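Before any comments, here is the structure.
The values are calculated or read from the model by the stated rules, or taken from the named source; none is laboratory data. Not measured: the values here are computed from a predicted model. FYI the Cβ positions are ideal-geometry reconstructions off the backbone, even for glycines, and counts take in every protein chain you see. Remember, those area values only see protein heavy atoms, side chains included, never the ligands or the DNA or RNA. Shrake-Rupley method; radii C 1.70, N 1.55, O 1.52, S 1.80 Å.
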Amino acid sequence: MAASARAFVLRHTRLRPIPGLEAIRLQLADEVLPLWHAIQVETGDPEAALPYWAFAWGGGLAVAHYLRDHPEAVAGRRILDFASGSGLCAVAAVGAGASEVTGVDIDPFAVAAIGLNARANRGRIAAIRRDVLDDEPPGDVDLILAGDCWYEARLAGRVLPWLVRARERGIEVLIGDPGRRYLPAAELRELARYEVRTTTELEDLDHKEGRIFTIGSATAFRA
Ligand SMILES: C[S@@+](CC[C@H](N)C(=O)[O-])C[C@H]1O[C@@H](n2cnc3c(N)ncnc32)[C@H](O)[C@@H]1O
């Protein structure tokens, strides 16, 4: 699957710079539905997941902007990019000087995309297919990035408790979110806001306000 997933990603996307973050280039698609149909045909699965990995989402874009402005948040640290999708946050962490970066996602095409995007940006990123929300938060990570994970209720209901447990174990957390209804923003500490350029293939508007949050007060992050 790994080689064929890589070939599929390359066939259906184009390497391009991210508007406003031109140092980052990702394999991205223009349209959701034709690509989703191609995945259904490729996998023989009419219930196949949408191609989240073929787009840079508002939450991940906000994280990438924050890491560009605050590289000290990741420099020399071990980073886990949860729900990595294209690997956008992971690539931004590598660019900001992280020492070790891992991207995890449940979608095999995302794992292929993360590998391709790591190479396109000359970075080392370990890409793992796993639902880590069933595990205890990892002991060998300094900071977890979570870009745009609150777009549906079931996932949202699992992510924040897991991130809170990670924080209790001493792991720092950076969340990027473009105003999704399932993120309980009032429970978090806001650090920054960015106007991010997204696409009307995914959102109602092609510009969104992406907000950066952390959990708890005793972190080193600068607003
Ligand atoms: C909206 S995309 C965000 C991708 C990326 N972080 C960004 O901001 O561009 C959400 C991603 O979460 C992944 N995902 C959903 N449930 C997951 C889980 N339990 N564990 C890991 N990834 C998951 C999806 O496959 C998808 O790639």
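Tell me which residues, restricted to the range 135-177, are within 23 Å of SER86 (Cβ to Cβ), in a helix (DSSP H, G or I) and open to solvent by 40 Å² or more (accessible area, probe 1.4 Å).
ARG154, ARG158
I'd like the full set of residues that are more than 19 Å from LEU155 (Cα to Cα), within 14 Å of the ligand (Cβ to nearest atom) and open to solvent by 30 Å² or more (accessible area, probe 1.4 Å), limited to the range 100-126.
If the condition is that a residue be more than 19 Å from LEU155 (Cα to Cα), within 14 Å of the ligand (Cβ to nearest atom) and open to solvent by 30 Å² or more (accessible area, probe 1.4 Å), then THR102 is the only one that fits.
Applying the selection to the range 204-223, what residues are of a type outside the set (S, T, N, Q) and crowded, with 16+ Cβ neighbours inside 10 Å?
Scanning the range 204-223 gives LYS208, GLY210, ARG211, ILE212, PHE213, ILE215, PHE221.
Does VAL32 satisfy the criteria of being in contact with a Leu (Cβ under 9 Å, 6 or more places away or on another chain) and either over 22 Å from ALA146 (Cβ atoms) or within 16 Å of the ligand (Cβ to nearest atom) (or both)?
Judged against the criteria, VAL32 is a match.
Taking SER86 as the residue in question, decide whether it is polar (S, T, N, Q) and under 26 Å from ALA166 (Cβ atoms).
Working: polar (S, T, N, Q): yes; under 26 Å from ALA166 (Cβ atoms): yes.
Answer is yes for this residue.
What are the residue pairs meeting all of these: first residue in the range 143-159, first residue closer than 26 Å to ARG78 by Cβ, second residue of a type outside the set (S, T, N, Q) and open to solvent by 60 Å² or more (accessible area, probe 1.4 Å), Cβ atoms under 6 Å, and 6 or more apart or on different chains?
From the range 143-159, the pairs are TRP150/TYR182; ALA156/TYR182.
Please go through the range 56-83 and give me each residue that is open to solvent by 10 Å² or more (accessible area, probe 1.4 Å) and near the ligand (Cβ under 7 Å from one of its atoms), ordered by number.
Hits for the range 56-83 are ALA56, TRP57, PHE82, ALA83.
Starting from the range 84-97, take each residue that is under 13 Å from LEU26 (Cβ atoms) and touching a residue at least 12 places away in the same chain (Cβ under 8 Å) and list its partners that are part of a helix (DSSP H, G or I) and aromatic (Phe, Trp, Tyr), counting only C-beta distances under 6 angstrom and pairs at least six apart or across chains.
Here the result reads GLY85/TYR52; GLY85/TRP53; SER86/TRP53, each pair linking the range 84-97 to a residue that is part of a helix (DSSP H, G or I) and aromatic (Phe, Trp, Tyr).
Report every pair of residues separated by at least 6 positions or lying on different chains whose Cβ atoms are under 6 Å apart, first residue within the range 189-209 and touching a residue at least 24 places away in the same chain (Cβ under 8 Å), second surrounded by 16 or more Cβ atoms within 10 Å (Cβ to Cβ) and small (Gly, Ala, Ser).
TYR194/ALA62; TYR194/GLY210; VAL196/GLY58; VAL196/ALA62; VAL196/GLY210; THR198/GLY58; LYS208/GLY58
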